[in-house]
Amino acid sequence: MSEWKSVATANDLDRALATHIANRLEQDITVHGCASLAVSGGSTPKEMFRLLSCARLDWSKVWVTLVDERWVDPSSDDSNERLVRENLLRENASSAHFVSLKSEHPDARQAVTEISENLAAVPAPFSMLVLGMGGDGHTASWFPGASNLDALLDRDNPDRVAASDPPEAPHQRMTLTLAAVMDSRDIAVHITGEKKKTVLTNATARGYPIAAVVDQQKTPVTIWWAP
Ligand code: 6PG
């Protein structure tokens, strides 16, 4: 079962999680000579990214990638890569290595092999992986009703990335699979608000995709939450 870390305000949560991630990265740099961080997009992590970007560590030894990406141009307002480049890969973190989940292919399904090969440059397991969660209990781009959801959540799936077509959310996606997400030393679920707390609390009973992460025992998961 996952541990909850509840913090008084969203600002305090951003600061506490940014500090935790920085400590994890620094620990792996010390022990392994390098570190890796996989982050989710959406609106929640923006301020946490900005705080983390100022962490005083050797970012030249850190590889950053995405947990999932909307299949849009990196210049689009909807691009997670743009969110990361503008808010995380700045200040001290500007010297980090970034591995994109987007290619020039018109269809994400044509890009899976290339993206998977690109990800081989990211040190495994991830030092730290950060997930968000939608109000429907999705995380990464594992959306309820997606045609390939079973494969995305198959812990024995040998693929690290897959294309996914959300039934309702905009844009085709490229996403890490559950098997890839679990190949981490530390997973943080970063959520705010009472509604998401209720959704996550009910995730197992409702069979929401995020339950595949919070119910497993292999990789430590902490739920970082503020009202
Ligand atoms: C994405 C994210 C997705 C996100 C949740 C929560 O590409 O949208 O990776 O999984 O974490 O949808 O998004 P908010 O933080 O905007 O609520």
**OP:** Might you check whether a residue that is within 15 Å of the ligand (Cβ to nearest atom) and not in a strand (DSSP E or B) occurs anywhere in segment 124-132?
**Re:** yes
Original post:
Right, S116: hydroxyl-bearing (S, T, Y), at pLDDT 95 or above, under 18 Å from the mean Cα position of the chain (by Cα) and more than 16 Å from R50 (Cβ to Cβ) or not?
Top reply: yes
**OP:** Take P106 and decide whether it is within 30 Å of P158 (Cβ to Cβ) and within 13 Å of the ligand (Cβ to nearest atom).
**Re:** no
Original post:
Counting only residues that are outside any helix (DSSP H, G or I) and either free of Cβ contacts under 8 Å to residues at least 24 places away in the same chain or over 13 Å from the mean Cα position of the chain (by Cα) (or both), which one in segment 36-55 is nearest to the ligand (Cβ to nearest atom)?
Top reply: S43
**OP:** Just name the residue that is nearest to the chain's Cα centre (by Cα) out of those in segment 134-175 that are in a loop (DSSP other than H, G, I, E, B) and within 18 Å of V84 (Cβ to Cβ).
**Re:** A140
Original post:
Out of segment 1-35, which residues are of a type in the set (A, V, I, L, M), part of a helix (DSSP H, G or I) and within 21 Å of S94 (Cβ to Cβ)?
Top reply: L17, A18, I21, A22, L25, I29
Subject >> Those residues of segment 56-87 which are closer than 21 Å to S184 by Cβ and away from the ligand (no atom under 13 Å from the Cβ), in sequence order >> reply: L57, D58, W59, K61, V62, W63, V64
Original post:
How many of the residues in segment 82-115 are basic (K, R) and in a loop (DSSP other than H, G, I, E, B)?
Top reply: 2
Subject >> Residue list for segment 138-157, filter: surrounded by fewer than 21 Cβ atoms within 10 Å (Cβ to Cβ) and in contact with a Leu (Cβ under 9 Å, 6 or more places away or on another chain) >> reply: L153, D154, R155, N157
Original post:
List, please: which pairs have Cβ atoms under 7 Å, are six or more places apart or on different chains, and start with a residue in segment 63-81 that is under 9 Å from H171 (Cβ atoms) and assigned to a loop (DSSP other than H, G, I, E, B) and end with one that is among the polar types (S, T, N, Q) and at pLDDT 95 or above?
Top reply: W71/Q172; V72/S79
**OP:** Return yes or no: is R160 at negative phi and touching a residue at least 60 places away in the same chain (Cβ under 8 Å)?
**Re:** no
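The values are calculated or read from the model by the stated rules, or taken from the named source; none is laboratory data. The shown structure was predicted, so the numbers you read here are calculated from the model rather than taken from an experiment. Counting neighbours? That spans all protein chains shown, and the Cβs are built from the backbone with ideal geometry, glycine included.
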